[in-house]
Amino acid sequence: MDNLASDPRSGWEIYRSPEDRSAMYELADSYLAYLSSAKTEREAVAGVISALTSAGFTEGFGSAKAWQSLHGKALFAARRGRRPLSEGIRLISAHTDSPRLDLKQHPLIEQAGIGQAKTHYYGGLRKYQWFARPLALHGVIVRSDGTSVTVSLGESSDEPCFTIADLLPHLAHNAASPKLSEAFSAEKLNVILGHEPVLREGETDAPKDPVRMRVLQLLHEKYGIREDDLISAELEAVPAGPARYVGLDRGLVGGYGQDDRICVYTAMRALLDAADPEYTICVIFWDKEEIGSDGSTGASSRFLQYCVEDMADAWEPGTPFRRIMMNTKAISGDVHAGVDPDWQDRHELKNSAFLGKGVAFCKFTGSRGKYGANDAHPEYLGWMRGVLDAKGIPWQMAELGKVDVGGGGTVALFLAAYGMDVVDAGPALIGMHSPFELSSVPDIYAAKLAYQAFFEAE
């Protein structure tokens, strides 16, 4: 009778052999390196392209292992299978963007002898988490002649970092009374860039805003840019420093951007490692998920359609796009909210994800009565269970918080619009959307194996 009850097993228990532990930490080590280097959506895509190229993938669909990118922020990659495209593809989707602070187009200001950059926050972040911590600047600056400069500053120990100053507690008594959502003004998320002024020479008048002018001088010396070049720049302030193991046992991975680059990386590894796929296997990595999936590189765009049509034209001319889509099985690879030990009251624990219990499936996302959700069909969930159970891969089923307390969206509904079967599945995180998110080492391994099993399933 004991086997009648549901009892999700721990990944630590399942992956206990020396061989499994070695493979598990090899994956975690390589993931840490990727996460540390992929602080923006452009860097996330560039890292994937580098790995694909090393594995023999080519740009365009002139070979059986191919990739196609859009604006360096979205990417589609495919390995041709034995079955015709008309029988559908196996697709894993994930997103490359993460909450951050974007520099405004006219960012540079000077206040009280401090040079700063104005920002506009991107995605659902908690503003207080971004004060009083080391920050780095990443992105691209495009001059009017079309030449561009790549920026990555503040990561190395021999480089300066940046920060946003917080109000000292001695002066914060009145500031402590508003609601948390009102206590931290978005217009005070100003990144400190410098303090040294341009010094006057002889009787020369000191320039207005001398610290701001010194910041401009330094930017020109390092990157050859003028202030107007910042109008056509895409600069992001992100947490500085590498991703790290967390805990005495190195059982957790901590770092910025795990939502959703943990799914990007594990899906990419699954694509590379899958053995001789029966169906054509594909990944698509989107931008803009954290702000609604709009824009040319978001999931509401036609990027997937154009890529699949190009693939079909190259590999099987005449195959209707709609037939491919209607027969496709997909995973929306996105992270889930793990139960935080100090905030368990925000979860309905019977239907929540726990770190270490394997990949978390979410039948529906959305909020307040499942609005904005893809509600996966039970036939598809049964098939997915069979695929993972056959491989002994740990998994769990969860929803995002208590009803009328939690909720959130993914790209699953944009995929479902094509008629394909799709369900959300990915590792659980603690501290999602924070500058230092936590994931479980065995969950990373389970996610990669789950995605690979999905790719290899008949």
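The values are calculated or read from the model by the stated rules, or taken from the named source; none is laboratory data. No experiment lies behind these values; they were computed from the predicted model shown. So basically every Cβ, Gly included, is an ideal-geometry build from the backbone, and we count neighbours across all protein chains shown. With ligands, DNA and RNA removed, areas are computed over all heavy atoms of the protein, side chains included. Shrake-Rupley method; radii C 1.70, N 1.55, O 1.52, S 1.80 Å.
Here are some notes:
- Counting only residues that are over 17 Å from the mean Cα position of the chain (by Cα) and within 17 Å of A274 (Cβ to Cβ), region 432-458 holds 11 of them.
- Flag for P84 being over 30 Å from P320 (Cβ atoms) and either more than 15 Å from the chain's Cα centre (by Cα) or of a type in the set (S, T, Y) (or both): no
- Residue within region 55-66 that is modelled with pLDDT under 95, outside any helix (DSSP H, G or I) and charged (D, E, K, R) present: no
- In the set (1) in a helix (DSSP H, G or I); (2) farther than 24 Å from P18 by Cα; (3) at pLDDT 95 or above, L429 fails one condition alone, (1).
- Pairs linking a residue in region 368-383 that is closer than 8 Å to D421 by Cβ to a residue that is open to solvent by less than 90 Å² (accessible area, probe 1.4 Å), with Cβ atoms under 6 Å and 6 or more positions apart or on different chains, are A376/K363; A376/V423; Y380/D421.
- Residue in region 400-415 that is open to solvent by 10 Å² or more (accessible area, probe 1.4 Å), out of contact with any His (no Cβ under 9 Å at 6 or more places or on another chain), among the charged types (D, E, K, R) and not in a loop (DSSP other than H, G, I, E, B) present: no
- Residue within region 131-140 that is of a type in the set (K, R) and either surrounded by fewer than 17 Cβ atoms within 10 Å (Cβ to Cβ) or not in a strand (DSSP E or B) (or both) present: yes
Conditions tested, residue by residue: (1) closer than 24 Å to V308 by Cβ; (2) crowded, with 24+ Cβ neighbours inside 10 Å; (3) among the charged types (D, E, K, R).
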site: G386; (1), (2), (3): no, no, no
site: G392; (1), (2), (3): no, no, no
site: M397; (1), (2), (3): no, no, no
site: H433; (1), (2), (3): no, no, no
site: I444; (1), (2), (3): no, yes, no
site: L449; (1), (2), (3): no, yes, no
site: F455; (1), (2), (3): yes, yes, no
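- Residue match in region 38-46 (condition: surrounded by fewer than 16 Cβ atoms within 10 Å (Cβ to Cβ) and in a helix (DSSP H, G or I)): no
- Residue list for region 141-155, restricted to those being surrounded by fewer than 17 Cβ atoms within 10 Å (Cβ to Cβ) and of a type in the set (D, E): D145
- Within region 347-370, the set of residues being open to solvent by 10 Å² or more (accessible area, probe 1.4 Å) and β-branched (V, I, T) comprises T365 only.
- Whichever residue in region 168-209 is open to solvent by 90 Å² or more (accessible area, probe 1.4 Å) and aliphatic (A, V, I, L, M) and, among such residues, is modelled with the lowest pLDDT: L171
- Count of residues meeting criterion [part of a loop (DSSP other than H, G, I, E, B), open to solvent by less than 100 Å² (accessible area, probe 1.4 Å) and among the aliphatic types (A, V, I, L, M)] in region 1-22: 1
- Selection count, region 190-230, where residues are closer than 21 Å to K118 by Cα and either touching a Cys at 6+ places or on another chain (Cβ under 9 Å) or assigned to a helix (DSSP H, G or I) (or both): 17
- Residue check for H336: modelled with pLDDT of 90 or more, in contact with a strand residue (DSSP E or B) (Cβ under 9 Å, 6 or more places away or on another chain) and within 13 Å of A428 (Cβ to Cβ): yes
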